[in-house]
Amino acid sequence: AIQFGGMETEGLPYRFDDLASITALSTTFDESLGAQGLPGDFTLIVADGVPFYRAPRPTGREELLPDALFPRSALSGVSAIHTVTDAEWSGAPGGYVGLSTRTSTPAGGVEADASYSGNPLWSSSELDIDKPSLLSLQGGVRGTVPIDQASRLILSAEALTQQTPLAPRASESLASELTSLDPALVSSLTDPGVERYERYSGLIRYDLQQGTSNQFFLRGASAFSRRRFDGAGALSIAGPSALAEESIEFSTAMGLVSRYSRTTTMEFRAGFSGSYRDFGSSFTDVLPAYLVGAGASLGDVPSSVGSSNRTDFVGIPVIRWTPGDGNTTLKFGARIRASSHAMSPARPTPSDFLFSDADALQAGSGFASTTSAPEPSFGTQEYGLFAQYEGLIRPGLRLRVGGRYDYESIGGDGVTTNTDWRATTGLDNASFDDSHHQVGFRASVTWDVDAAGRTRVFLTASMDEGDVDLRAISDLYAQATTATSTRYAGPDIGWPTGGIPPLAAPSLPSLTLVGPDTRAPRTNNLGVGVLHRFGSALTAFLQGTSRRTDFLTRRRNLNVPLVPQALDPYGRAIYGTLAQDGAVVSATGDDARRFPAFGEVWGLDPDGWSEYFGVTAGLERRAERLDIYGSYTYSETTDNWMGARGGHVGGELGPALPTPEGADDWSKGTSDFDVPHRLVVGVTTRVNNVLVSGLYRFRSGTPFTPRYRMGVDANGDGSHRNDVAFVPTDLSALSEG
């Protein structure tokens, strides 16, 4: 359990000493921060009782642990939580991460510095990078400065540098075919590269303990991370390349606990935090190109560019009342959050260039698309109330039940009405619901089966509504009147300069619309766990979790015909006349728009859903000389969110299209974020002052989501990264109709 003052988060008794142990020794933690088959930005981080929000990635949805804000030596506890039992915590569509920074004085159950065992695993596993490192150096320093008998300062800092080899972008045989390109460019594509990652973080915390009635802390932390490349840079948008090129994060928090009377305690926590991330191109001189025949990606990937920043103020007052014999506690509180957001989807403007092969690239014959949109700025505010009951029903049986209500509003200068769109369709793109009512419910039962407490059973249930998808709101503001999209298929496409003939490829307005049913995701969670202690050193546990999340935002292009021109053999819609140039198959676009004066018109609908089921079994033995830990997790996640990892989601059969007899049903599938198997075994030995740790980790890979390969745009929306699933078949069948 993690506790400050009277705030406590229950969980199974994992023992995490630092962030390295999180990634190394817990199978319930993954690169998505334990979000149960959902993207990592759906995980809520609560540090010292105050939520910390990170600026989201403009397109890709992953969130990785290496961008951690806090020095590991400054942490006294970290937990990954699937089902939160305390109504004080606001809703999150995915998981929760609760962490507490080191406190110099015992406060409400948080142990003092002496409890820190400190066994960081100094290896590249902290970065979750599978490839071997050329160089990995990490170091940190921590100290406590006494001020007087009641107060102290805690200082902590950490530095890290990591060099990872990168494979060449193109093979020597492919390079021999690119004879007309700049030799320096060809050389950069065929030479191995090196990724250089560095991070610096620091923390200062002030603790004051006045008797047994008043406790106060003030904490500040900041971090800076940067990625640079010697060579062409990372090829894939997955894994480590999902990190920001440059990131600055800071977080301040304060907390005050005051015992007003024997039965009443008042607490106030507040924090101000900010996050800036630059996902800007790591290979800025060359726009992206994809050789469909060779399966080679050259230049940068559009999903990896852009910038995002966010600042938040959060305040949480709490009153606890414990009448009578102390077996019952009533808690009441409120929460206020004010946030500002700015998100640039692309910097520079992302472009796609697809060519059949090297000859087509050098001849400038292929498919190209570009989009352009301004950086929108807007704000969100949230006001919440919660109440909770916790009591001992009978010896060994404890019940906790509570609920909360939150009101979220979206503000700013307002979305600009596109008068041309309104005149054409009669619809107002600026009309949307800018306020949302959100409710949550939590309940848990803890049962000590025997009087000695050796066997404990947990049962938890919750229903939460998280925040509205910020990417949807950002797109709504950005793609109003000045956003444009350009598509062109044919000759005279200049790469890498990226010149597109302006007359042959006009820039058309691009819009994003939301409907009246836009709302925050809603998650239902159910968890059960059994813990049993064998003697004083051995503990075993078994935990199962089930989650269902609804109202996930998906997008579809509204500017395609209501009725497709054709269906492929697997029942998927084909819009527009498809043109085939070698291995490139794309819609011409001229006959695949309901409104010819507009390009992409994205409709954002909350009709996405995700289901998760997971079971974790673990065994832990702790002794004076030897610690052993083992854990295995099996999980499966299904959803209708195909392509979510890539950012732009929308590959599915249209609602009016029946699935032909014998065709595959693409209405659901394995989640892009599903990791079915995770296994960890860790051993730590202590001899005098020497500590040696070793571990074995296994995790199955994230699933391959089958889809049309790059170069096929069957739904005619101009994107080659979100089409429906690909089933190997004769490409000529796609050209019929």
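Label-to-label distance, THR416 versus TYR634, with points set 7 angstrom from Cα along the beta-carbon direction: 5.6 nm.
In percent, rounded to a whole number, the relative contact order of the range 367-451 is 32, using alpha-carbon pairs under 8 Å and six or more apart. Over the range 406-551, what percent of the accessible surface lies on carbon and sulfur atoms, probe 1.4 Å? Using a 1.4 Å probe with all protein chains present, the range 406-551 comes out at 57 percent carbon and sulfur.
Sort 166-172, 291-297 by the packing proxy (mean of other Cβ within 10 Å over each peptide's residues), most packed first.
The densest-packed peptide leads the list: 291-297, 166-172.
Overall, the accessible surface of the range 590-635 at a probe of 1.4 angstrom is composed of carbon and sulfur to the extent of 58 percent.
Once R0 is set to 41 Å, what does the formula 1/(1 + (r/R0)^6) return for the Cβ-Cβ distance between THR481 and ASP359, expressed as a FRET efficiency to the nearest 0.05?
Result of the calculation: an efficiency of 0.50.
The gain in end-to-end length when the GLN210 to PHE698 segment is fully stretched comes to 170.9 nm, 0.36 nm per residue minus the alpha carbon separation.
Between TYR405 and ALA430, what is the FRET efficiency for a Förster distance of 30 Å, r being their Cβ-Cβ separation, to the nearest 0.05? It comes to 0.60.
Subtracting the Cα-Cα distance of VAL141 and LEU679 from their residue separation scaled by 0.36 nm leaves 190.5 nm.
How high is the FRET efficiency from ALA617 to ALA159, r the C-beta distance, R0 41 Å, rounded to 0.05? The value I calculate is 0.65.
Among the protein heavy atoms of the range 154-217, carbon and sulfur supply 59% of the accessible surface, probe 1.4 Å, non-protein parts ignored. Potential lengthening of the chain between SER536 and SER173 amounts to 124.3 nm, from the contour at 0.36 nm per residue minus the alpha-carbon distance. In this structure GLU158 has an accessible area near 20 Å², from a 1.4 Å probe over the protein heavy atoms. Sorting 484-490, 524-530 by average packing, meaning the other beta carbons within 10 Å per residue, from highest down gives 484-490, 524-530.
Roughly how many whole Å is it from the C-alpha centroid of the range 310-387 to that of the range 135-162? The distance from the Cα centre of the range 310-387 to that of the range 135-162 comes to 31 Å.
On a per residue basis, the range 407-466 carries 49 Å² of accessible surface, using protein heavy atoms and a 1.4 Å probe.
The values are calculated or read from the model by the stated rules, or taken from the named source; none is laboratory data. Just so it is clear, the structure is predicted and the values come from calculations on it, not from any experiment. Here the Cβ is made from the backbone with ideal geometry for all residues, glycine too, and neighbour counts use every protein chain on show. Accessible surface is based on the protein model in full, side chains and every heavy atom, while ligands, DNA and RNA are left aside. Shrake-Rupley method; radii C 1.70, N 1.55, O 1.52, S 1.80 Å.
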